[in-house]
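The values are calculated or read from the model by the stated rules, or taken from the named source; none is laboratory data. Just so it is clear, the model here is predicted, and its values are computed rather than measured. Note: ideal-geometry Cβ built from the backbone for every residue, glycine included; neighbour counts use all protein chains shown.
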Amino acid sequence: MLQVLRSKIPYFLNFHYDKKTNRNDRILTCGAGKTGIIYRCSAEDVRNLAFVELYFDKAEKDWYESFKGIERELVATIHKDLCFRKRRIGVYFKPDEDYEQTFEKIAEVFQKMIDGFSLYILGGKELGIPHSEKDYEEHTKKKFVQFPIKLPEQPFPTEDSYRIQMEELSELLLTK
């Protein structure tokens, strides 16, 4: 499965590192670019399901809730069967008889998930911001209040001014 993922999604560098296997389950785990958020996939797990999911640690529940807030948009762009439950966002399906076909389906879903979620996780898009230009401007006006602040000018001390100040202080101390 890892070979198929490497060939189908060559730009996701986490697939190019060796992965450890676990005897207790058949789940491939990869980091999603932020601590506490990981991608998991399997061609067949203990429930006899193939899946690709994004898993959130308890500390990252806010991220999960934010993604849940744009569920319709994610379902439209990633997969019609995208599920949200128990801090997991994923696509679950019955594996094909041929593992190669299952690997291809997993790679297709994985690619859409990486492309869809990475924009938010890695900072390209902010969650909750409308994407049309007009809506973006209105959202920005609501979020940020801008008003001019008058501050008194304070010159920055230079090396020469500091030296002069120290000389004056030493003269004062020596004359006393």
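Among the candidates Ile89, Ile27, single out the residue that is modelled with pLDDT under 90 and of a type in the set (Val, Ile, Thr).
Ile27
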Check: Counting only residues that are at pLDDT 90 or above and of a type in the set (Asp, Glu), how many does the stretch 42-64 have?
Finding: 2
Next item on the list: Please work out which one of (1) under 24 Å from Leu122 (Cβ atoms); (2) touching a helix residue (DSSP H, G or I) at 6+ places or on another chain (Cβ under 7 Å); (3) not aliphatic (A, V, I, L, M) is the condition Lys68 fails and give its number.
Entry: (2)
Notebook entry, point to check: Can you name the condition, by its number, that Thr77 falls short on among (1) modelled with pLDDT under 85; (2) more than 20 Å from Asn14 (Cα to Cα)?
Noted result: (1)
Checklist line | Residue list for the stretch 93-118, filter: aromatic (Phe, Trp, Tyr) and either within 10 Å of Ala43 (Cα to Cα) or not assigned by TED's automatic domain parsing to the domain that holds Ala50 (or both) | finding: Phe93, Tyr99, Phe103
Notebook entry, point to check: Being outside the structural domain of Ile38 (by TED's automatic domain parsing) and either at pLDDT 70 or above or assigned to a helix (DSSP H, G or I) (or both), is that true of even one residue in the stretch 125-132?
Noted result: no
Next item on the list: Would you mind listing the strands (runs of 3 or more DSSP E) fully within the stretch 41-99 where at least 3 residues are aliphatic (A, V, I, L, M) and surrounded by 12 or more Cβ atoms within 10 Å (Cβ to Cβ)?
Entry: 50-56
Note to self: Restricting to the stretch 61-93, name every residue that is touching a residue at least 24 places away in the same chain (Cβ under 8 Å) and touching a strand residue (DSSP E or B) at 6+ places or on another chain (Cβ under 7 Å).
What the structure shows: Trp63, Tyr64, Phe67, His79, Arg87, Arg88, Ile89, Gly90, Val91, Tyr92, Phe93
